[in-house]
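Heads up, the thing below is written out as structure tokens.
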2 protein chains.
Amino acid sequence: MSELRKDIVTREWVIIAPGRAERGQRSSALPTESDDFLCPFCPGREALEPELWAWRKPGSPANSPQWQVRAIPNKFPALEPIGNASRHDYHIYDCMAGVGAHEIVVETPHHNRNLVTEKPEQVAYVLEAYQARYQELRKDPRIEHVSIFKNHGWAAGATIRHEHSQIVATPIIPQLVWNNKQGQKQYHEYRDSCVYCEIINIELTLDERVIVKNDDFVGLSPFAAHYPFELWIVPRRHTASFANITTGERLALAQILHLLLTRLAEELDDPPYNYTLVSAPCKQDQDPLFHWHMEIIPRLSVIAGFELESNIFINTVTPEEARRRLQVPVESPAQHLRTTLPDDG
Amino acid sequence: MSELRKDIVTREWVIIAPGRAERGQRSSALPTESDDFLCPFCPGREALEPELWAWRKPGSPANSPQWQVRAIPNKFPALEPIGNASRHDYHIYDCMAGVGAHEIVVETPHHNRNLVTEKPEQVAYVLEAYQARYQELRKDPRIEHVSIFKNHGWAAGATIRHEHSQIVATPIIPQLVWNNKQGQKQYHEYRDSCVYCEIINIELTLDERVIVKNDDFVGLSPFAAHYPFELWIVPRRHTASFANITTGERLALAQILHLLLTRLAEELDDPPYNYTLVSAPCKQDQDPLFHWHMEIIPRLSVIAGFELESNIFINTVTPEEARRRLQVPVESPAQHLRTTLPDDG
């Protein structure tokens, strides 16, 4: 069982999870080709981890092959849904049992395909898995936040080659989520409007950093991008959580995400990247002041001592240059995407 | 010239520095052996960058060989001491010219030695360079903070093999420094005492995470360590900035830093690491509520999507286990170090 400990100065929570050390050092133990033959995520090995949710062929039994996307427990969980999420002190320090959940979303049955080489429909199934698991996890009263993210490539933290995302449900509201909420609230108090609604308006008007848009989302390189080629996908509809999106919006998001990941892969030779969904805490997912968005972060440089000390990032590619490099040609119909997919599964 | 841009939601400043892209992508372009023959930091190439400060043989002229430590401008500066540090707005956003400074401290004249294979005296010369450059940089009224840090190894962000540290002077107070200051202030308001003084007291009493101590400093693995084998060096004397330390304290710090880096290199096979000095902003370096400290962060795992979204770190090595692994045997005189070096240069 892991433990949460609070940094007494910065108030950041840390998960101390010695059990996860068994899965090996990520930076040194790169998987070999032979590991692929033992891939725990490939069809035929469903018995290893019983599924929590799956998009599968109608009528096929749970934990059989014939699935498109599959959510399973993480074999080395950072947090587990066991026990009470109560805080206790240890001398001057604060701690908490490692209560929560840690799940995997296997994004494709194909060992060598990924969100770019799959069709946009496949991305829509993955997003559906996120939503389904979020709705289930938020029912647990111990859970305060559900983090949904993807690590693609070893330099972005992936340890298994078969493409997957992760979901971590925490018994506390993460500090960065709280900071984002506070930032949005303060902007609203100051300007009486939503900061992300303002960003969409100004960016569409200026047309210096927008890369792609459709009826429901805008894909852009943010004005103060922390990382080279960092991208945001901002929903046009003001709502607090990814979990609130409609089926139509899910398809629209899948199209825009597929296109942006494809452009990154083309321009930057399949770079390592993370993406994260920045949503309100799950008990506040109707918060009228919060506007959720998605961040895609290519991992082309190393987070070094300056960033660790200051949290000031040095970005060597201007967001305007990133837009120029990633932009889809004007004549392409892809630049303004339709929000319906040819085949909704 | 670079530009500072402020994230409109989180209020984090980012340095947009396209000029630094010329130095190549850190993660892909590992230096080759042949690059070493062109090392810009080796003796004999002093003319490439005129020195800002040097610990050199008495009587030897500036920019000649016969130095022990040398501070020079960074060839690809993120910030430069040119122009006004005034803010301006761009539509809804805030920006600022990239005013500041970016310097290199070459830590040894020997291309293949480092802070571990050099003697503790050499570490003391490096610390003296930091102090000398800090005192010079803080005279510039445009400078609000001086960041001092080291990247060792490619996975920690080093791009040149010859061992060196960096100094970045910024025209704004970095958010993390501000947060640390606020955390210390709030603890003081709540408990009427300094949080780092309390940490030293409780850790020395509990003796579960202390690795080494001398008359002036305590080296420990912090209770809520974010990273496996993360270490802190906390000064016993309550003062707001590294820059305030005495000659005796500098020697004591050099000894303890040398010992901790040596133990990490022995136990973890010369791991990549960063170290940072967490001091008060330079115009507040007499702040009675701030207690400076040093952090050493081995880079054994990748900062991945979960950390980027939440700022919650997952640490797979308990601080108590890190202490057990790194501890010096009880009978060793090194566990309680003297604060004088045999030869003060």
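If you take the residues of region A:88-108 that are surrounded by 20 or more Cβ atoms within 10 Å (Cβ to Cβ) and in a loop (DSSP other than H, G, I, E, B), which of them is nearest to the chain's Cα centre (by Cα)?
A:Glu107
Going by the conditions given, is B:Val126 part of a helix (DSSP H, G or I), surrounded by 22 or more Cβ atoms within 10 Å (Cβ to Cβ) and at pLDDT 95 or above?
Against the criterion (part of a helix (DSSP H, G or I), surrounded by 22 or more Cβ atoms within 10 Å (Cβ to Cβ) and at pLDDT 95 or above), B:Val126 qualifies.
From (1) buried (at least 17 other Cβ atoms within 10 Å of the Cβ); (2) in contact with a Ser or Thr (Cβ under 7 Å, 6 or more places away or on another chain); (3) within 26 Å of B:Glu320 (Cβ to Cβ), pick out the condition that doesn't hold for B:His226.
(2)
Can you name the residue in region B:122-159 that is within 14 Å of chain A (Cβ to nearest Cβ), more than 19 Å from B:Trp292 (Cα to Cα) and of a type in the set (S, T, N, Q) and is also nearest to the chain's Cα centre (by Cα) among such residues?
The qualifying residue nearest to the chain's Cα centre (by Cα) is B:Asn151.
What is the residue count in region B:10-49 for residues that are among the aliphatic types (A, V, I, L, M), within 30 Å of A:Trp154 (Cα to Cα) and at pLDDT 85 or above?
Residues flagged as among the aliphatic types (A, V, I, L, M), within 30 Å of A:Trp154 (Cα to Cα) and at pLDDT 85 or above within region B:10-49 amount to 4.
Going residue by residue through region A:61-71, is there one that turns out to be buried (at least 18 other Cβ atoms within 10 Å of the Cβ), more than 24 Å from B:Val302 (Cβ to Cβ) and within 14 Å of another protein chain (Cβ to nearest Cβ)?
Checked region A:61-71: no residue is buried (at least 18 other Cβ atoms within 10 Å of the Cβ), more than 24 Å from B:Val302 (Cβ to Cβ) and within 14 Å of another protein chain (Cβ to nearest Cβ).
Anything in region A:163-212 that is under 17 Å from the mean Cα position of the chain (by Cα) and farther than 18 Å from B:Glu12 by Cβ? List them, or say none.
Residues satisfying the conditions are A:Glu163, A:His164, A:Ser165, A:Gln166, A:Ile167, A:Val168, A:Ala169, A:Thr170, A:Ile173.
For region A:276-291, check the following and say yes or no: at least one residue is modelled with pLDDT of 95 or more and touching a Gly at 6+ places or on another chain (Cβ under 9 Å).
Checked region A:276-291: at least one residue is modelled with pLDDT of 95 or more and touching a Gly at 6+ places or on another chain (Cβ under 9 Å).
So is B:His291 farther than 18 Å from B:Gly153 by Cβ, crowded, with 22+ Cβ neighbours inside 10 Å and over 14 Å from the mean Cα position of the chain (by Cα) or not?
In short, yes.
Would you mention how many residues in region B:303-326 are closer than 16 Å to B:Ile211 by Cβ and touching a Pro at 6+ places or on another chain (Cβ under 9 Å)?
5
For A:Lys119, all conditions in the list (1) farther than 18 Å from A:Tyr273 by Cα; (2) within 11 Å of chain B (Cβ to nearest Cβ); (3) surrounded by fewer than 20 Cβ atoms within 10 Å (Cβ to Cβ) hold save one; what is the number of the exception?
Unmet for A:Lys119, out of (1) farther than 18 Å from A:Tyr273 by Cα; (2) within 11 Å of chain B (Cβ to nearest Cβ); (3) surrounded by fewer than 20 Cβ atoms within 10 Å (Cβ to Cβ): (2).
Can you go through B:Val234, B:Val212, B:Val177, B:Val218 and tell me which one is within 9 Å of chain A (Cβ to nearest Cβ), crowded, with 17+ Cβ neighbours inside 10 Å and β-branched (Val, Ile, Thr)?
It is B:Val177.
Going by the structure shown, is A:Glu128 closer than 20 Å to A:Ile256 by Cα and acidic (Asp, Glu)?
yes
Show the residue pairs meeting these rules: Cβ distance below 7 Å; 6+ apart or different chains; first residue within region B:101-127 and among the hydroxyl-bearing types (Ser, Thr, Tyr); second residue at pLDDT below 95.
B:Tyr125/B:Gly345
The values are calculated or read from the model by the stated rules, or taken from the named source; none is laboratory data. In this text, all values refer to a predicted model and were calculated from it rather than measured experimentally. We place every Cβ from the backbone using ideal geometry, glycine too, and count neighbours over all the protein chains shown.
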